[in-house]
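Peer 1: So that we are looking at the same thing, I have put the structure below in structure tokens.
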Amino acid sequence: MAQFLSVHPQNPQVRLLKQAAQCLQSGGLVALPTDSSYAVAARLDDKQAADALRRLRGLDERHHLTLLCRDLAEIGHFARVDNAQYRLLKAATPGPWTFILEATREVPRRVSHPSRKTIGIRVPGHPVCLGLLEQAGAPLISTTLIPDGETDPLNDAELIRARYEHQLGAVIDAGPCRLSPTTVIDLTGDTPQVLRVGAGDPSELGLVT
């Protein structure tokens, strides 16, 4: 049975975020609001949790998982970033963007793309998400909480608990958030490529779709 943690959307209670972090530490999956839509997250160094995350979403190993980071400095530890990429990241973060970057050796091979050795990385702008990252003390792997076989992300914490109560360790309820996934930008080529338009407007970064 998943824990149900009701937190304030702007000033989340630290004791409840600590409970969610303890759930992650114990190998559980946590559903949480972000500045795009609800996501499901697990510890980066927990193989069993990563496998459970993929099963919950019905994803194969070629689907990019996203690394949730606290800030740009943390991104630089897990992805190779040149000066031009850094300027774009600085302009976009925190926010509803996912960037595909070349992974460093700090990223487990089971998490990065098997052939491209790339990883999706983002710095979320939601206080609850950032608060959980702070309590976890490390980046988390995540993916948008879209039910297997469907196209729209879930946005209601009660519905998420009812649907996944035996697959999740905890659900963080901070009220509804956006019903849009992140905008995904591939930075591994010569020029940035918009792979998916979501909650972030590419034109704000000077990009065209």
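Peer 1: Tell me the mean residue ellipticity at 222 nm calculated for the chain from its helices only (DSSP H runs of n ≥ 4, each -39500 (n - 2.57), averaged over every residue, nearest 500).
Peer 2: Values: 6 runs with 58 residues, N = 209.
The per-residue figure over the chain is -8000 deg cm²/dmol.
Peer 1: Per residue, how big is the convex hull of the chain when only Cα atoms are used? Give it in Å³. Before the final figure, lay out each step's value.
Peer 2: Details: hull volume 22.7 nm³, N = 209.
Value for the chain: 108 Å³ per residue.
Peer 1: Reachable aspartates and glutamates from LYS47, Cα under 16 Å, same-chain residues fewer than 8 places away excluded?
Peer 2: Within reach: ASP60, GLU61, GLU106.
Peer 1: A further question follows. Label point 7 Å out from MET1 along Cα-to-Cβ: which residues of region 151-173 have amide N under 20 Å?
Peer 2: Inside the label zone: 157-173.
Peer 1: If you average the alpha carbon positions of region 100-145 and of region 54-81, how far apart do those two centres end up, in angstrom?
Peer 2: After rounding, the separation between the Cα centres reads 3 Å.
Peer 1: Shifting gears a bit: How many nm is it between the label spots at ASP190 and GLN13, if each spot is 7 Å from the Cα in line with the beta carbon?
Peer 2: About 5.6 nm, to one decimal.
Peer 1: Count the net charge of all other residues whose Cβ sits under 15 Å from the Cβ of GLY149, scoring Lys and Arg as +1 and Asp and Glu as -1.
Peer 2: With Lys, Arg at +1 and Asp, Glu at -1, the net is 0.
Peer 1: Where Lys and Arg each count +1 and Asp and Glu each count -1, what net charge lies around VAL128 among other residues with Cβ under 12 Å from its Cβ? Don't skip to the end; give the middle numbers.
Peer 2: Values: positive: none; negative: ASP35, GLU134, ASP173.
Residues close to VAL128 contribute a combined charge of -3.
Peer 1: State, as an integer percentage, the relative contact order of region 3-205 based on alpha-carbon contacts under 8 Å between residues 6 or more apart. Please report the intermediate quantities before stating the final value.
Peer 2: Details: 441 pairs, mean separation 66.4, N = 203.
So the answer I get is 33 percent.
Peer 1: Kindly write out, for region 76-90 in residue order, the coupling ³J(HN,Hα) from the Karplus curve 6.51 cos²θ - 1.76 cosθ + 1.60 (θ = phi - 60°), rounded to whole Hz, with x marking Gly and Pro.
Peer 2: In residue order, the calculated couplings are x, 7, 10, 9, 7, 10, 8, 4, 5, 5, 4, 4, 5, 4, 5 Hz.
Every number here is computed from the coordinates shown, using simple stated rules; none is lab data. Bear in mind the structure is a predicted one, so any value in this text is a computation, not a measurement. No Cβ is skipped: glycine too gets one built from the backbone with ideal geometry, and neighbour counts run over all protein chains shown.
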